[in-house]
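Chemist: After the structure tokens below, expect a handful of questions from me.
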Amino acid sequence: MKKKKDENTEVKILDAAKNIFQSKGMDGARMQEIADRAGINKAMLHYYYRSKQLLFEAVFTNAFSLLAPQLNAILNDDSSIEEKIKKFTSNYITFMMKHPYLPNFIIQELNRNEDFILKMKNNTGFPNLEKFKKQVYEEVKKDIITSISGEQLFINTLSLCVFPFVGRPLIKALINTDEVTFNQIIEARKIEVANFIINSIKK
């Protein structure tokens, strides 16, 4: 029972921290506010996480560790580049619809602490592009797709998936839409982005 209680407390802390970090950013978040949101006292919060930085990293790592292995598996399976693009786009957008704060988390932390992502890079499951890049090279060589590097193709795909989440308020204002319609547009992008990228590299 004690172990279960501890796990439940940690889940409450991470969930509270996620919401506070999402709305106020790393610098605006306060440990007392996170403790209050989690329904615990500040001493208990510090027992689990000694500093706000460690708590931020835990929230980020918890979410990223769910996504990274999925993307890594797609990039390194034996399917074609076209199939990889379809699966990557669908998985990434599906995940971000459930965790819309994550892209801004990454940008906030990179602006604050460039070394943070280097620690993440050493974790098992961090996406490895080597097979993807070689596969793009081979498909270009075989005249299956137009001339493009693996790096550029990956950046193009990732950018089209990421920006709507990072620029959500701006996009909603520009296209004059409400939250429900915006989410429908994002859902449709699972196919739209994949088709756009695939059509751009098709021979």
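The values are calculated or read from the model by the stated rules, or taken from the named source; none is laboratory data. Note that the structure is predicted; figures quoted are calculated from it, not measured. Glycine gets a Cβ as well: all are built from the backbone with ideal geometry, and neighbour counts include every protein chain shown.
Chemist: Before we move on, is L67 surrounded by 14 or more Cβ atoms within 10 Å (Cβ to Cβ), under 21 Å from the mean Cα position of the chain (by Cα) and under 20 Å from R189 (Cα atoms)?
Modeler: yes
Chemist: Can you pull out the helices (runs of 4 or more DSSP H) entirely within region 90-168 that have at least 3 residues that are over 16 Å from the mean Cα position of the chain (by Cα)?
Modeler: By residue number, 130-141, 150-166.
Chemist: Before we move on, is L160 loosely packed, with under 11 Cβ neighbours inside 10 Å, out of contact with any Leu (no Cβ under 8 Å at 6 or more places or on another chain), aliphatic (A, V, I, L, M) and closer than 20 Å to E192 by Cβ?
Modeler: So L160 fails the test.
Chemist: Which residue out of E139, E57 is closer than 20 Å to A194 by Cα and charged (D, E, K, R)?
Modeler: The match here is E139.
Chemist: Output the number of the condition that D115 fails; it satisfies all remaining conditions of (1) assigned by TED's automatic domain parsing to the domain that holds V11; (2) without any contact (Cβ under 8 Å) to a residue 12 or more places away in the chain; (3) acidic (D, E).
Modeler: (1)
Chemist: Do we find that S200 is hydroxyl-bearing (S, T, Y) and either part of a loop (DSSP other than H, G, I, E, B) or within 18 Å of the chain's Cα centre (by Cα) (or both) in this structure?
Modeler: The answer is no for S200.
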